[in-house]
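Undergrad: The structure is given below, and queries will be raised subsequently.
The values are calculated or read from the model by the stated rules, or taken from the named source; none is laboratory data. Computed from a predicted model, the values in this text were never measured in an experiment. Because the Cβ atoms are built from the backbone with ideal geometry, glycine has one as well, and the counts that use them run over all protein chains shown. Areas reflect the complete protein model, heavy atoms only, side chains present, ligands, DNA and RNA absent. Shrake-Rupley method; radii C 1.70, N 1.55, O 1.52, S 1.80 Å.
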Amino acid sequence: MDNIISDKFSENLLHEQILDQIPVMVIAVDLNMEIIYLNSASRDIFNKSTDSYKEQPFHKLFNIAPDHAASSVIKLAIDTQENQTGRSQLTIGNSKMPIEIYAVPLKDSEGTIIGGLEYLLDITQRVSFEKKLQEQSHTIKEISTPALTLWDGVLVLPVIGIIDSLRAQHMMDTMLEKIMETAAKVIILDIQGVPAVDTAVANHLIKITKATSLMGCQCILSGISPAVAQAIVQLGIDMGNIKTNSSLKNSLSDAFSILNLKITANENE
C-alpha cells in the first residue's frame, strides 16, 4: 500500500492517514536518528513537505543541537528500550514553543529495536498557567508572611498556617531583608496562628532565630499556646536561649526592655 511508510516499519507504525488525524506532533526515526516519518501536524508546524524530511538527521531537520531534549529523549528511549519523557522548547520561526516529549522504542515483530517514535505536545497554555500559579503563590506568600514595623527598632512577623521547608526559608529571607532594611534590634515571631508544632517546625524556628541573631537582632518567639508548649516538652525539643512568650503584648513589653525603653502614662489624661 502506498500509505504504508515502508515494509520495514509497516508493522510498527499506524497507517499514515490515521496518524495524520492526530493533532499532536508525531515523529519516527531509525537507529541512526534519521527521520523516517512526520505526521501532518509535524509537517505543518515545521513547514515540511511530504518528502523533504525523509532520511534527514533529527537535530538538523529541526535546527537544534544534537543533545537537545527533543532528540536526546527519543535516543534514550532507543538505547534503554524503555519509554521516556521530558520537557523542552522548540524555536518555530521567531517564536518559542514549550513542549512535552513522550518517546517510545519501535520494535519489529521479533522484538528487535529498529527505531523510535516520539510525540511532541505543545504545552504553551499549560506553561502559561503554571507561571501564573507560581506568581500567585509568590503573592500569597508575600501577603501571608509580612514583616511589619511594630515600633522603632521592633519588627513583628505574624505567621498563620503550616510551616514547611519552603515557607520557613521564605520567612527567614523576609525577616533578614527587613532587619537589614530597618536596622531593627528586636523581631517578634508570632506563631499564634500555627496549628501545630512538631520537631521539623521547631527546627525551622530555631534556625530562623539563629539567623536573626547573627545580624545583631534578637528574636522573641511569641504566641506559644499551652498545646504548643506541651508538644515542645513532650518532643524533647531544646529551644536553647530563645526567648518565648504567650502573647504579643508580653513580647512587645520584653522588646521594650531589651531596647531600654519605658512606657509612662500621660499625667494629663
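Undergrad: In what sequence, highest mean first, do 230-243, 176-189, 21-34 appear when ranked by Cβ atoms within 10 angstrom?
TA: The packing order, highest mean first, is 176-189, 21-34, 230-243.
Undergrad: Kindly report the accessible area of region 69-128 per residue (heavy atoms of protein chains, probe 1.4 Å, no ligands, DNA or RNA), in Å².
TA: Dividing the accessible area of region 69-128 by its residue count gives 52 Å².
Undergrad: Taking all protein chains together and a probe of 1.4 Å, list Ser109, Ser71 from the most accessible to the least accessible.
TA: Largest to smallest exposure gives the sequence Ser109, Ser71.
Undergrad: With no solvent and one point on each alpha carbon, what is the Debye value of log10 I(q)/I(0) for region 173-269 at q = 0.11, 0.16, 0.17 Å⁻¹?
TA: Per q value, in the given order, log10 I(q)/I(0) is -0.36, -0.71, -0.78.
Undergrad: Out of the total accessible area of region 30-110 (probe 1.4 Å, heavy atoms of protein only), what percent is carbon and sulfur?
TA: C and S atoms contribute 42 percent here.
Undergrad: Using a 1.4 angstrom probe, figure out how much accessible area region 163-205 has per residue, in square angstrom, rounded to the nearest whole.
TA: On a per-residue basis, 47 Å².
Undergrad: When Lys and Arg each count +1 and Asp and Glu each count -1, what net charge do the other residues less than 14 Å away from Ala77, Cβ to Cβ, add up to?
TA: Taking every Cβ under 14 Å from that of Ala77, the sum is -2.
Undergrad: Test of understanding: what is the full-extension gain from Asp20 to Ala211, defined as 0.36 nm times their sequence separation minus their Cα-Cα distance?
TA: Using 0.36 nm per residue and subtracting the Cα-Cα distance, I get 62.8 nm.
Undergrad: Here's a follow-up. Can you give me the relative contact order of the chain as a percent, contacts being Cα pairs under 8 Å and 6 or more apart?
TA: 11
Undergrad: Straight-line reach from Lys210: which lysines have Cα under 19 Å away, leaving out those fewer than 8 places along the same chain?
TA: Lys178, Lys185, Lys243
Undergrad: Hydropathy first: keep DSSP H helices in the chain averaging at least 0.0 on Kyte-Doolittle, then drop any whose Cα extent along the axis falls short of 18 Å, and list what survives.
TA: For the chain, where a helix must reach 18 Å along its axis and average at least 0.0, the hits are 199-214.
Undergrad: Follow-up. Which one, Val29, Met215, Ile113, is farthest towards the positive end of the dipole of the chain when Lys and Arg carry +1 and Asp and Glu -1 on their Cβ?
TA: Met215
Undergrad: Once you put a point 7 Å from the Cα of Ile45 and another 7 Å from the Cα of Gln230, both along the Cβ direction, what distance in nm separates them?
TA: Roughly 5.9 nm, to one decimal.
Undergrad: With charges only on Cβ, +1 for K and R and -1 for D and E, what is the dipole size of region 169-251 about its Cα centre, in debye, rounded to 20?
TA: 220
Undergrad: What ranking of Arg126, Arg87 comes out by heavy-atom accessible area, probe 1.4 Å, highest first?
TA: The residues order as Arg87, Arg126, largest area first.
Undergrad: While we're looking at this one, here's another question. Which label marks the calculated value of Kirkwood radius over Cα pairs in Å, given the options (i) 23.7; (ii) 19.2; (iii) 19.8?
TA: Of the listed options (i) 23.7; (ii) 19.2; (iii) 19.8, (i) comes from this structure.
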